Amino acid sequence: MTDPLTTFLAVLALAAIVYGLIAKLLPRFTEVREMVEDAMEDGLTLDEVREIADEVAEVVDEVLDTVEEAKEEAEAIVTKTPEELSKMLKKDLVALAEEQGLDTTGLKAELVERLAEHMA
């Protein structure tokens, strides 16, 4: 379980990522909508349907890529690698272990191992 501050920071980061996603993709959705509206006015040809489908597929791919990036960024905020934990001071590891509800006793290496297992 993560501490409230870490959770808040992760949510804040995700909100920023979602805002960026919307700003990035809104023009693409508008472009596709305009293509559909133009095609509907003139009647859809098979080539126009294919072109619209290709555009929609590109937008969907961009959304999926951006969502995957957002997921990775959020996980990086919430979890730390064993290497990152090893670079922390013992007192900070003790505080982190306490925040996570873990045993805070032992050598630095034991705290790193305990925290790494918990975050995995």
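The values are calculated or read from the model by the stated rules, or taken from the named source; none is laboratory data. Computed from a prediction, not measured in an experiment: that's the story for all the values here. Using ideal geometry, Cβ is built from the backbone for each residue, glycine included, and neighbour counts are taken over all protein chains shown.
Does any residue of segment 67-75 turn out to be of a type in the set (A, V, I, L, M), within 21 Å of the chain's Cα centre (by Cα), farther than 30 Å from Ala116 by Cα and surrounded by fewer than 14 Cβ atoms within 10 Å (Cβ to Cβ)? No, because not a single residue in segment 67-75 is of a type in the set (A, V, I, L, M), within 21 Å of the chain's Cα centre (by Cα), farther than 30 Å from Ala116 by Cα and surrounded by fewer than 14 Cβ atoms within 10 Å (Cβ to Cβ). For the residues Leu107, Leu89, Leu115, the requirement of being of a type outside the set (Asp, Glu), surrounded by 13 or more Cβ atoms within 10 Å (Cβ to Cβ) and not assigned by TED's automatic domain parsing to the domain that holds Val32 singles out Leu115. The residue list Glu62, Glu41 contains one member that is in the same structural domain as Phe8 (by TED's automatic domain parsing) and in contact (Cβ under 8 Å) with a residue 24 or more places away in the chain, which is Glu62.
Taking Glu110, is it of a type outside the set (Lys, Arg), out of contact with any helix residue (DSSP H, G or I) (no Cβ under 8 Å at 6 or more places or on another chain) and more than 18 Å from Leu21 (Cα to Cα)? The answer is yes for Glu110.
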